[in-house]
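Here the structure comes first, spelled out in structure tokens, and everything after it is commentary.
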Amino acid sequence: MTPSPRRFRTTLKTLHLWLGLSLGLLLALVTLSGSVLLFEQPLFAAGHPGLASRPLPDLATQGRSLQAILSSPEGKGLRGLTLPDAELPVWEAQVRGGNRSYFDASTGELLLRRSRSGDGLLLLLDWHTHLLTGEVGETVLGVVACAGLFMLFSGVWLYWPGRRRALKHLKPHANPPVLRWASFHRFAGVAALPLLIVMIGTGTTMAYRGAVRSGLAAAFGEPAPAKPPRIAPTAATIDWPAVLRVAHAAAPEAQLTRLTLPSKDNGSVVMRIRRPGEWNPAGRSSLWIDPATATVTGGIDATRLGTGGRLADALFPIHSAAVGGMAWRVIACFTGLLPMFLLVTGFLFWRARTRRRPHLS
């Protein structure tokens, strides 16, 4: 009878192989798209130099242009906008269906429409975050990412020859083909293990971000994040220059980044801001504003959160290389290419081994 440890190793090896040849392909394509998306902003700016080269108007002018946008036919149905900044000095609106529109920050004129079906970067982004299938795809991504972590850890467990022989077993070989592909696969998986864990692990948390945030808060005994107060939507015309002005006055040291418009259920305006020291490009701090009176009713200061909240806020900037400068961005880009390398070398090793078996028999 086969001993239990050997049976366990055989089962683990089979799982590692077939998960790698099936879900491994999906994981490799997702991480490959992620490597491209690390440079999404400069790629978009290079493709639309007319947008990136525009002058950045003052806040009062931005407020008047926002008023014009939301009064225009193109502004109907928008839920939120990204404010102009030095890198992209135009209003960016996310439209239903994953499309985006861009408006002049001085006049509110529509400058560009991007459709997910006709824009390579938007298509890649939807693939990377939702597998082109909405919430279902995001759930599948979580499963794929968990499978990727399992393949990493199981691969190291299957490889581990003992501490004294570890370096010797990592040596790449040129021939025979079975040993060549096995050694390349093993070397990449073990040598880059910390980087792969960081990138795939943080990607997994993106798929389950609500549960992760709640879990970290509970683990450190922190209260759930506060939510904007519910107020009745105003029927009056909102003075958007006043809204931007009061937001800036409430946090003069912060950058105003994103604006969530009032809904039919809640008339509050939510202004995302980035305070000094925050890693997230859009910031995780916020201000809640009553647009009828242009007064701040509350908000969240992400720089004063507890350990659990700060850890949750750090996951996305690490995954997207928004922190760490160009060095981490290049490393993250290289790491995103590794799952494809592991898939190819693993497949070639499996094929060489299966071809060798009849010859040996």
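The values are calculated or read from the model by the stated rules, or taken from the named source; none is laboratory data. Bear in mind the structure is a predicted one, so any value in this text is a computation, not a measurement. Note: ideal-geometry Cβ built from the backbone for every residue, glycine included; neighbour counts use all protein chains shown. Side chains are part of the model used for accessible areas, which takes the heavy atoms of the whole protein and leaves out ligands, DNA and RNA. Shrake-Rupley method; radii C 1.70, N 1.55, O 1.52, S 1.80 Å.
Note on the stretch 1-49: among residues that are open to solvent by 60 Å² or more (accessible area, probe 1.4 Å), assigned to a helix (DSSP H, G or I) and of a type in the set (S, T, N, Q), the one that is nearest to Leu195 (Cα to Cα) is Gln41.
Residues checked against (1) out of contact with any helix residue (DSSP H, G or I) (no Cβ under 7 Å at 6 or more places or on another chain); (2) of a type in the set (A, V, I, L, M, F, W, C):
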| residue | (1), (2) |
| --- | --- |
| Phe39 | yes, yes |
| Pro42 | yes, no |
| Ser53 | yes, no |
| Pro57 | yes, no |
| Gly63 | no, no |
| Gln67 | no, no |
| Asp85 | yes, no |
| Leu88 | no, yes |
| Ala105 | no, yes |
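Within the stretch 93-115, the set of residues being within 13 Å of Leu259 (Cα to Cα) and open to solvent by less than 30 Å² (accessible area, probe 1.4 Å) comprises just one member, Ala93.
Of all the numbered requirements in (1) open to solvent by less than 70 Å² (accessible area, probe 1.4 Å); (2) in contact with a strand residue (DSSP E or B) (Cβ under 9 Å, 6 or more places away or on another chain); (3) modelled with pLDDT under 95, Leu158 misses one, and that requirement is (2). For the stretch 175-192, the tally of residues that are over 15 Å from Met340 (Cβ atoms), touching a helix residue (DSSP H, G or I) at 6+ places or on another chain (Cβ under 7 Å) and among the aliphatic types (A, V, I, L, M) stands at 3. Among all positions in the stretch 291-305, there is at least one residue which is in contact with an Asp or Glu (Cβ under 9 Å, 6 or more places away or on another chain), part of a helix (DSSP H, G or I) and small (Gly, Ala, Ser). Listed here are the helices (runs of 4 or more DSSP H) enclosed by the stretch 161-235 that have at least 2 residues being more than 30 Å from Asp126 (Cα to Cα) and more than 34 Å from the chain's Cα centre (by Cα): 166-169, 177-191.
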